[in-house]
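The values are calculated or read from the model by the stated rules, or taken from the named source; none is laboratory data. Worth saying up front: this structure is predicted, and the values here are computed from it rather than measured. Cβ atoms come from the backbone with ideal geometry, glycine included; neighbour counts cover every protein chain shown. When the accessible area is computed, the model is the full protein with side chains, heavy atoms only, and any ligands, DNA or RNA have been set aside. Shrake-Rupley method; radii C 1.70, N 1.55, O 1.52, S 1.80 Å.
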Amino acid sequence: MNNSWYPVILAGGKGERFWPLSRQDRPKQFLSLDGSARSLLQATTDRLIKLVGGWDDLWVITSSAIAQGITQQLPDLPQSNLLIELEGRDTAAAVAWASLEIQKRYGEDAIIGFFPADHWIANQEAFAHTLDAAIQLATDQAAIVTLGIKPTFPSTGYGYIEQGEKIGSFNDLPAYHVNRFTEKPSRETAETFLSTGQFSWNSGMFVFRAGVVLKELRTHAPEIIEPLEQQGPGIYPLLPKKSIDYALMEKTSLAYVLPVEFGWDDLGDWNAIERLLKTQDNPNVELATHVCLDTQGAIVYASNPEEVIVTIGLEDVVIVRDRHVTLVVKKDRTQEIKQIVKTLQSDPRFTDLM
């Protein structure tokens, strides 16, 4: 692994679809969802710290609301490598600011990788092999490299990347120019994508040289990069709120994709727990003391092991008990938890539940 690269962990998300377990004082990245003792943020850090020179090369960007929690979770992270957003403005602003700071310290040729804090990856060796390939491509060419996950089912919850012309192989992995990005498609469209063999899931992980991405941001997203360059991070709350996909990746001609397989999940909602922990000998996924009769396909979670959840005749539901809140939702409607959170936020009776 090339040691002259700098991973940045994007750790500012709220994870509202994991409410009520994920809350303002304990967002999703602070949770352990795979049965281990390590939070998602800590697991992501563990994965990356092995691949760089040490803590001095690792960066984290997060919101002011949870910066103290980041420090508690990662006590070895240098404070100078923790970028604290005054107000969350989505991933385009985060990528722009972190890239500027790394360029100032290490120069335009510094290789930067961006990684969400809340992903699960099964095969660490394959992940490291893939990053080596991405670093080689970003070193060799003016390229913004995205890691495309080879799809295993026609998901309607992920964005897709269509690969175009093959440009060569790096670390024995083929690399392609990106034809287009597509947001979450319909089931029929997703099935068509899979049938072509030319599409990957958009993982949200990127690798590039600092100078390359900053030049592209100046071309395609000047409303974000120019205020940061001219006025510094104090201008953050006034920046447009845009994703890096929308602000840059859908516009640049320098987007390349490495279609890869290393066992990946973005842990987007409670259904991800089933994908990680489901076993053949249990009809349910149980992270709680659960007593049931004729219940199957359920995901059951309780933060207090002394509490008992009893179910009768249920199928394909999620039940979560945490700190005076009980959530019961059908598995095919977990994406709507964000709507309930917004409703609760607007009612002063429920302020303590957020």
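Return the long-range amide H neighbours of Y6 (sequence gap of 5 or more, or a different chain), with a cut-off of under 5 Å between placed amide H atoms.
I111, I112, G113
With r as the distance between the Cβ atoms of D140 and E226 and R0 = 22 Å, compute the FRET efficiency 1/(1 + (r/R0)^6) and round to 0.05.
Details: r = 29 Å, r/R0 = 1.32.
The pair E226/D140 has a calculated efficiency of 0.15.
Taking the Cβ-Cβ separation of N179 and L293 as r and a Förster radius of 45 Å, what is the calculated FRET efficiency to the nearest 0.05? Working shown, then result.
Numbers: r = 52 Å, r/R0 = 1.16.
E between N179 and L293, to the nearest 0.05, is 0.30.
Assuming 0.36 nm per residue, please report the length gained on full extension of the stretch D172 to S4 beyond their Cα-Cα distance.
On the way: separation 168, 0.36 × 168 = 60.48 nm, distance 2.09 nm.
My answer for the length gained is 58.4 nm.
Please list, ordered by chain and number, the residues whose modelled amide H lies under 5 Å from the amide H of G297; skip anything fewer than 5 residues away on the same chain.
N284, D316
Shape call for region 93-150 from the C-alpha gyration tensor, a ≥ b ≥ c root eigenvalues: rounded (a/c under 1.5), prolate (a/b greater than b/c) or oblate?
Values: a/c = 2.22, a/b = 1.44, b/c = 1.54.
It is oblate, given that a/c is not under 1.5 and a/b is not larger than b/c.
Report the extension gain between A122 and A65 in nm, rounded to one decimal, defined as 0.36 nm multiplied by the number of residues separating them, less their alpha carbon distance. Present the calculation step by step, with values, prior to reporting the outcome.
On the way: separation 57, 0.36 × 57 = 20.52 nm, distance 3.01 nm.
In short, 17.5 nm is gained.
Determine ³J(HN,Hα), in whole Hz, for all residues of region 322-327 in sequence, where each value follows from phi through the Karplus function 6.51 cos²θ - 1.76 cosθ + 1.60 and θ = phi - 60°; x replaces Gly and Pro.
In residue order, the calculated couplings are 7, 6, 6, 10, 10, 10 Hz.
Pick from I112, I49, I340: which residue has the top mean-square fluctuation in a GNM of the chain where Cα pairs under 10 Å get a spring?
I340
Pop the C-beta distance of S303 and T192 into the FRET formula with R0 = 25 Å and round what comes out to the nearest 0.05. Walk me through the numbers before you get to the answer.
Details: r = 42 Å, r/R0 = 1.66.
With R0 = 25 Å, the Cβ-Cβ based efficiency is 0.05.
Roughly what % antiparallel, to the nearest 5, for the DSSP beta bridges in the chain?
Numbers: 31 of 63 bridges.
Of those bridges, close to 50 percent are antiparallel.
Find the accessible area per residue for the chain; the probe is 1.4 Å, ligands and nucleic acids are left out, and the unit is Å². List each step's numbers first, then the result.
Details: 16020 Å² over 354 residues.
Here the per-residue accessible area is 45 Å².
What net charge do the residues around T289 carry, taking every other residue with its C-beta under 9 Å from that of T289, with Lys and Arg at +1 and Asp and Glu at -1? Before the final figure, lay out each step's value.
Working: positive: none; negative: E286, E306, E307.
Charge balance near T289 sits at -3.
Roughly speaking, to the nearest percent, how much of the chain's 1.4 Å accessible area is carbon and sulfur?
Numbers: 7550 of 16020 Å².
The computed percentage sits at 47.
Taking the Cα centre of region 282-330 as origin and charging only Cβ (+1 Lys, Arg; -1 Asp, Glu), how large is the dipole, in debye to the nearest 20? Please report the intermediate quantities before stating the final value.
Details: 3 positive and 7 negative charges, 30 e Å.
With Lys and Arg at +1 and Asp and Glu at -1, about 140 debye.
Does region 94-197 come out rounded, prolate or oblate by the C-alpha gyration tensor, with a ≥ b ≥ c the root eigenvalues, rounded set by a/c under 1.5 and, if not, prolate when a/b is larger than b/c and oblate if not?
Working: a/c = 1.84, a/b = 1.61, b/c = 1.14.
Taking the square roots of the gyration eigenvalues as a ≥ b ≥ c, region 94-197 is prolate.
Say the cut-off is 30 Å between C-alpha atoms; which of K166/K278; K215/K241; K104/K150 go over it?
Working: K166/K278 37 Å; K215/K241 20 Å; K104/K150 35 Å.
From K166/K278; K215/K241; K104/K150, over 30 Å: K166/K278; K104/K150.
Shape verdict for region 167-219, please, from the Cα gyration tensor: rounded (a/c under 1.5), prolate (a/b greater than b/c) or oblate. List each step's numbers first, then the result.
Values: a/c = 2.85, a/b = 1.53, b/c = 1.87.
Cα axes put region 167-219 in the oblate bin.
When only alpha-carbon atoms count, how far does the chain stretch along each of its three principal axes, as whole angstroms with the largest first?
60, 46, 35
Going Cα to Cα from K338, which aspartates and glutamates come in below 13 Å? Please leave out same-chain ones fewer than 8 positions away.
Partners within reach: E16, D269.
Under a 5 Å amide H to amide H cut-off, with H placed in plane at 1.01 Å, what residues pair with C292 once short-range neighbours are removed?
Distant-sequence amide H within range of C292: T311.
So for region 8-137: antiparallel DSSP bridges make up what percent, rounded to the nearest 5? Kindly include the intermediate steps, with their values, before the conclusion.
On the way: 1 of 11 bridges.
The answer is about 10 percent antiparallel.
Roughly how many nanometres apart are two label points built 7 Å out from the Cα toward the Cβ at K50 and Q72?
Roughly 2.8 nm, to one decimal.
May I ask which residue of T295, A221, T152 lies farthest towards the positive end of the charge dipole of the chain, with charges of +1 (Lys, Arg) and -1 (Asp, Glu) on Cβ and the Cα centre as origin?
Farthest towards the positive end: A221.
To the nearest 20 Debye, how big is the dipole of the chain about its Cα centre, given +1 on the beta carbon of each Lys and Arg and -1 on that of each Asp and Glu? Could the numbers behind the result be given before it?
Working: 32 positive and 46 negative charges, 107 e Å.
Computed about the Cα centre, the dipole is about 520 debye.
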